[in-house]
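These notes are about the structure you will find just below.
The values are calculated or read from the model by the stated rules, or taken from the named source; none is laboratory data. What you see is a predicted model, and the numbers here were worked out from it, not measured in a lab. No Cβ is skipped: glycine too gets one built from the backbone with ideal geometry, and neighbour counts run over all protein chains shown. Just so you know, the surface numbers come from the protein's heavy atoms only, side chains and all, with ligands and any DNA or RNA stripped out. Shrake-Rupley method; radii C 1.70, N 1.55, O 1.52, S 1.80 Å.
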Amino acid sequence: MGKTLAVKNEIIADLKQTLSESQLAIVIDYTGLTVAEITDLRRRLRPKGSSCQVAKNTLMRIAVEGNETWQPIQELLTGTSAFLFVQEDIGGAIKAYQEFQKVSKKTELRGGVMEGRVLKEADVKALADLPSKEQLMAQIAGAINGVATKLAVGINQVPTSIARGLKAYAEKDGDSAAVEAEAPAEAQAEAPAQTEAEAPAEAQAEAPAQPEAEAESTSA
């Protein structure tokens with residue numbers, strides 16, 4: 001009798017530990033399944049980060065007692081129960097069970113519990129549409145690569161933009177320097193022209209003054 005109690009306590013402790021590591025717990029009626037078929041189900045679930053455990057309803061009730069996250073599972077504890085504990089790939093685990101169910105045609109999905117809520121059969125099946133872990137990783141990697149590509153393009157365009165800006169500034173600055181260089185040359189070219197134009201006028205203005213001076217000298 002003591003050994004039986006020890007075994008029960010061990011099962012309860014194992015259930016508590018497994019639940020603490022799980023995201024979703026699914027309850028199925030496994031009536032009619034052989035040991036080989038249960039082994040096959042476990043084999044299908046293992047790559048998805050999930051497991052299958054057969055336990056009495058009374059032991060599961062004790063295991064979830066006082067645990068708000070998993071206590072709602074008590075609503076599903078009727079008849080013979082097997083529990084699918086999903087730790088990683090929720091959608092993949094459900095699909096693996098569905099494929100097994102099509103082959104065996106012996107199990108019945110009662111529902112599940114996730115984050116303190118009871119999920120009906122339809123709810124559990126809807127979760128099967130979630131992307132697998134591999135798909136999520138691929139999507140995340142794609143998003144990261146997309147951001148990296150945009151960043152790389154932006155970085156590559158920065159030197160080009162700077163180069164264009166410097167070139168435009170240099171060309172503008174060169175035009176200004178050319179204008180300034182031409183201005184003194186034009187001024188110098190115009191300066192002699194003005195002097196030559198003014199010289200005859202001054203000569204003409206001074207020329208009549210000499211005969212008048214000579215006339216005054218003669219009459220004196």
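Has segment 77-98 got at least one residue that is open to solvent by 60 Å² or more (accessible area, probe 1.4 Å) and farther than 24 Å from ILE11 by Cα? Yes, because at least one residue in segment 77-98 is open to solvent by 60 Å² or more (accessible area, probe 1.4 Å) and farther than 24 Å from ILE11 by Cα.
Residue by residue, here is whether (1) open to solvent by less than 70 Å² (accessible area, probe 1.4 Å); (2) more than 23 Å from GLY116 (Cβ to Cβ); (3) under 42 Å from the mean Cα position of the chain (by Cα); (4) not charged (D, E, K, R) holds:
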{"residue": "GLN17", "(1), (2), (3), (4)": "no, no, yes, yes"}
{"residue": "ILE26", "(1), (2), (3), (4)": "yes, no, yes, yes"}
{"residue": "THR34", "(1), (2), (3), (4)": "yes, yes, no, yes"}
{"residue": "ASN57", "(1), (2), (3), (4)": "yes, no, no, yes"}
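Name the one entry in GLU68, GLU10 that is acidic (Asp, Glu), farther than 16 Å from GLU99 by Cα and within 35 Å of the chain's Cα centre (by Cα). Spell out the reasoning first.
Working: GLU10 fails: within 35 Å of the chain's Cα centre (by Cα).
Unique residue meeting the criteria: GLU68.
The set of residues in segment 43-68 that are in contact with a strand residue (DSSP E or B) (Cβ under 8 Å, 6 or more places away or on another chain) and under 13 Å from THR18 (Cβ atoms) comprises LEU45, GLY49, SER50, SER51, CYS52, GLN53, VAL54, ALA55, MET60.
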